[in-house]
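Heads up: the structure comes next, in structure tokens.
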Amino acid sequence: MLNYTLRRLLFAIPTLLVISFIIFVILDLAPGDPTGQLPLTIPAEVRAKIRESLGVGEPIHIAYFKWVRGFFVYEPLYWLDQIGITIGDPSERARIISYATRGPVFDLILERIPQTLWVVGLSYVFGILIALPIGVISAYKQYSWFDQLGTFISMVGFSVPTFFTGLLMIVIFSVQLGWFPSVYDTTLDVNSWDTFILQVKQMVMPVAVLALYNASQISRFMRASMLDNLTQDYVRTARAKGMSEKVVVLTHVLRNSLIPVVTVIALGVPTIFSGAIITEQIFRVNGLGQLLIIGIQGSDFPLVQTLTFIFAILIVLFNLIADVIYGILDPRIRYD
Amino acid sequence: MLGGRAIKPVLDVTDLRTVFHTQDGTVHAVNGISFYLEEGELLSVVGESGSGKSVTMMSLLKLLPIPPAEIVAGTVEFDGNDLLKLEPEALRQVRGGDIGFIFQDPMTSLNPVFKVGFQIMEPLKEHLGLSEKEARKRAVELLELVGIPSASDRLDDYPHQFSGGMRQRVMIAIALACDPKILIADEPTTALDVTIQAQIIELVKKLRQKLGMAIVWITHDLGVAAGISDRIMVMYAGFVVEHAKVKDLYKRPLHPYTRALLATLPTDDEEGEDRLKSISGLPPALHEYPNSCPFAPRCEHAFDRCQKENPLLMEMGDGHQVACWWDVEKGAPR
Ligand SMILES: Nc1ncnc2c1ncn2[C@@H]1O[C@H](COP(=O)(O)OP(=O)(O)OP(=O)(O)O)[C@@H](O)[C@H]1O
Ligand code: SF4
Ligand SMILES: [Mg+2]
């Protein structure tokens, strides 16, 4: 297993380099001018100066090389430096700089990660925690009212887009009832019970919208996987041994049914970082999704390139993690 | 109602009826079956595919999916109780405790993600209340009993690390774990190749002598049944059509269906698969409860009474029973 993991990791490096280059080329082809959003009163010569100082218009291979060096060498060295391990001369390192803020891209990203992890990550966790028991009960009591209701709700949750459920919730719970704020306030500093309550309140709606969406998908998977397994011969064997229904369902069947579901859950983790763009927009959660949108709108190529590439890394990484988990959960799988 | 019975049987089944409620209507899978099992004896149940052998035996312990299955009538007397009326908890103690089950396909009957040892130890802990350590010790003994080499090492292997024959041995070990009074083996060798079949049959013979439990052996193969059984019950379309001590059945088969089955057996001077004949025609679809003889469409002796009345089991002396209007010995209607 360890061998396999290492081999896969080694393979991932050239794959990711190719991906990064493709992203770079595509962004390079995209029209857009990082000075386009500056006030019109700025004269053309000044704009040209600005562009030059940002490094816009450099030949693509040089720009790409600089970015790769920034991403793989200078940024890691910088962060090592931050934790007290200094290698080389820190003053010579050019970090990846955002066109828009002129600050390092990684600082921007780090600022945004907590919001995204709290809102989107928590909704994923909630989604899973809701989905698994619902899937198990729905399958065990197939066609019961519980199953019918669960099927209906997940159909709705799955087919209605999050921007619609999000707006609907804002209309009902913010505008009509006034229970929750419609705008997520990132500057809120949680330092007392009251601010904690405020934080919870502003998280309720975005988390609920995304959790509903995630739970719909995962509960369907769980249900289907349980149904597949409930009719297997080994289930009859477990009953013939005199095991209780609880053991039959929650040990024998569940253990088998979880294998594909856990894989799907692992594969879905990267979407925590990238997939909540729309929900973040609606609730004004300034997380990574929103950062990406701003970057695209402002033609902030270093930012967009870096973010997109991080998403790509996460996808490759969690594919590997999913495979490894599969191998751990299913003893029939041998990777060597 | 069954003649020639000296001691009280360990299992006494009366008028068992099981149906399946399906989208295409009701399937009458088991239509009033009665049989008994005496201590330590081996009863073979033979019949073509779909004749209701498995459903009958699984009905005893309610191992069927209910619904669609429904056990509509019957009593299953075991240990002073009617198993069909037991509370689920009490029935659970019988399953795997007093009555062990082996199934047809050893490749799918074990749970693929648990170690074999865990699967053997489960009933030991559940029914006998053994500790982890005691259960492990007993599991090793059981694997040795069913002839699995280096038993203690193999406890930590997964089912896919065993061959088909070895897996069936594991299934037998599980079924025998709690010293059952009855072992029900549902075509335990059908999925295995011939040499392995013979080994498993030898093993069961040996275990039966050693442990003395009563066995119900379901099989397609009258040849196998002849070698191991005390009595044989022939089933057709959810009915018992003939029932006799093994010698009587082979010497004096009374039902046309039994005779046809015996005729399909290869005789000593013939060899090989191509010698196997089969009975022409198909067993009936059991969508309604028959009021004619269900074998009539395939029977060479069928006459007008067979179309009007379904024959029930008739006593022919010394426990030999047959359900047929035609007396094959006299060559005339009864
Ligand atoms: N789950 C089910 N739903 C509907 N009908 C069923 C179901 N299980 C069994 N039956 C029907 O019950 C009848 C008896 O089946 P059973 O499995 O007992 O036959 P069998 O004698 O064991 O055959 P085989 O030798 O193939 O195992 C068949 O006609 C079958 O179609
Ligand atoms: S009752 Fe009639 S049809 Fe049925 S087996 Fe006997 S002779 Fe044949
Ligand atoms: Mg069967």
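The values are calculated or read from the model by the stated rules, or taken from the named source; none is laboratory data. All values reported here derive from a predicted model rather than from experimental measurement. Cβ: placed from backbone, ideal geometry, glycine included. Neighbour counts: every protein chain shown.
Apart from one condition, A:Thr279 fits all of (1) out of contact with any Ser or Thr (no Cβ under 7 Å at 6 or more places or on another chain); (2) hydroxyl-bearing (Ser, Thr, Tyr); (3) at pLDDT below 90; the exception is (1).
Scanning the stretch B:93-129 for residues that are without any contact (Cβ under 8 Å) to a residue 40 or more places away in the chain, more than 9 Å from chain A (Cβ to nearest Cβ) and farther than 28 Å from A:Leu329 by Cβ turns up just one, B:Gly129.
A quick yes/no check of all residues on (1) touching a helix residue (DSSP H, G or I) at 6+ places or on another chain (Cβ under 7 Å); (2) within 14 Å of chain A (Cβ to nearest Cβ); (3) away from ligand 3 (no atom under 16 Å from the Cβ):
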{"residue": "B:Leu42", "(1), (2), (3)": "yes, no, yes"}
{"residue": "B:Gly47", "(1), (2), (3)": "yes, no, no"}
{"residue": "B:Gly52", "(1), (2), (3)": "no, no, no"}
{"residue": "B:Leu61", "(1), (2), (3)": "yes, yes, no"}
{"residue": "B:Ile66", "(1), (2), (3)": "no, yes, yes"}
{"residue": "B:Thr75", "(1), (2), (3)": "yes, no, yes"}
{"residue": "B:Asp79", "(1), (2), (3)": "no, no, yes"}
{"residue": "B:Leu91", "(1), (2), (3)": "yes, yes, yes"}
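Of all the listed residues (A:Phe106, A:Phe65, A:Phe72), the sole one being in contact (Cβ under 8 Å) with a residue 40 or more places away in the chain, aromatic (Phe, Trp, Tyr), outside any loop (DSSP other than H, G, I, E, B) and within 27 Å of A:Asp28 (Cα to Cα) is A:Phe106. Restricting the stretch B:291-308 to residues that are more than 7 Å from ligand 2 (Cβ to nearest atom) and in a loop (DSSP other than H, G, I, E, B), the residue that is surrounded by the most Cβ atoms within 10 Å (Cβ to Cβ) is B:Pro294. Return yes or no: is B:Val140 more than 11 Å from chain A (Cβ to nearest Cβ), in a helix (DSSP H, G or I) and surrounded by fewer than 22 Cβ atoms within 10 Å (Cβ to Cβ)? Judged against the criteria, B:Val140 is a match. Selection of the stretch A:232-244 for residues being within 8 Å of another protein chain (Cβ to nearest Cβ) and either surrounded by fewer than 19 Cβ atoms within 10 Å (Cβ to Cβ) or among the aliphatic types (A, V, I, L, M) (or both) yields A:Gln232, A:Asp233, A:Ala238, A:Ala240, A:Met243, A:Ser244. Checking the stated criteria, B:Leu84 turns out not to satisfy the condition of being over 24 Å from B:Val224 (Cβ atoms) and either under 17 Å from the mean Cα position of the chain (by Cα) or within 16 Å of ligand 3 (Cβ to nearest atom) (or both). Apart from one condition, A:His61 fits all of (1) within 18 Å of A:Phe309 (Cβ to Cβ); (2) surrounded by 11 or more Cβ atoms within 10 Å (Cβ to Cβ); the exception is (2). When you look at A:Pro104, is it surrounded by 12 or more Cβ atoms within 10 Å (Cβ to Cβ), touching an Asp or Glu at 6+ places or on another chain (Cβ under 9 Å), within 19 Å of A:Asp300 (Cβ to Cβ) and modelled with pLDDT of 75 or more, yes or no? Yes. Give me the residue from the stretch A:316-336 that is more than 14 Å from every other protein chain (Cβ to nearest Cβ) and charged (D, E, K, R) and, out of that set, surrounded by the fewest Cβ atoms within 10 Å (Cβ to Cβ). Among residues in the stretch A:316-336 that are more than 14 Å from every other protein chain (Cβ to nearest Cβ) and charged (D, E, K, R), the one surrounded by the fewest Cβ atoms within 10 Å (Cβ to Cβ) is A:Asp336.
Conditions tested, residue by residue: (1) modelled with pLDDT of 80 or more; (2) exposed (fewer than 15 other Cβ atoms within 10 Å of the Cβ); (3) more than 19 Å from A:Leu317 (Cα to Cα); (4) not basic (Lys, Arg).
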residue	(1), (2), (3), (4)
A:Met1	no, yes, no, yes
A:Phe11	yes, yes, no, yes
A:Val18	yes, yes, no, yes
A:Ile23	yes, no, no, yes
A:Gln37	no, yes, yes, yes
A:Pro43	no, yes, yes, yes
A:Ala48	no, yes, yes, yes
A:Val56	no, no, yes, yes
A:Gly70	yes, no, yes, yes
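The C-beta contact set for the stretch B:48-69 (first residue on the phi > 0 side of the Ramachandran plot, second residue small (Gly, Ala, Ser) and more than 16 Å from ligand 2 (Cβ to nearest atom), distance under 6 angstrom, 6+ apart or interchain) comprises B:Gly52/B:Ala29.
Of the residues A:Thr165, A:Thr186, the single one that is closer than 16 Å to A:Val120 by Cα, away from chain B (no Cβ under 14 Å), not in a helix (DSSP H, G or I) and not hydrophobic (A, V, I, L, M, F, W, C) is A:Thr186. Pairing residues of the stretch B:291-303 that are more than 18 Å from B:Asp327 (Cβ to Cβ) and more than 16 Å from ligand 3 (Cβ to nearest atom) with residues that are small (Gly, Ala, Ser) and not in a helix (DSSP H, G or I), at Cβ distances under 9 Å and at least 6 apart in sequence or on separate chains, gives B:Pro294/B:Ala237; B:Pro294/B:Gly238; B:Pro297/B:Gly281; B:Arg298/B:Ser280; B:Arg298/B:Gly281. Within the stretch A:303-315, does at least one residue satisfy the condition of being outside any helix (DSSP H, G or I) and surrounded by 17 or more Cβ atoms within 10 Å (Cβ to Cβ)? No: the stretch A:303-315 contains no residue that is outside any helix (DSSP H, G or I) and surrounded by 17 or more Cβ atoms within 10 Å (Cβ to Cβ). Scanning the stretch B:170-192 for residues that are within 16 Å of B:Glu144 (Cβ to Cβ), hydrophobic (A, V, I, L, M, F, W, C) and in a loop (DSSP other than H, G, I, E, B) yields one hit, B:Ala177. Cβ-Cβ contacts under 7 Å between residues 6 or more apart (or on different chains), taken from a first residue in the stretch A:265-291 that is under 24 Å from A:Asn319 (Cα atoms) to a second residue that is acidic (Asp, Glu), are listed as A:Gly287/A:Glu280; A:Gly289/A:Glu280.
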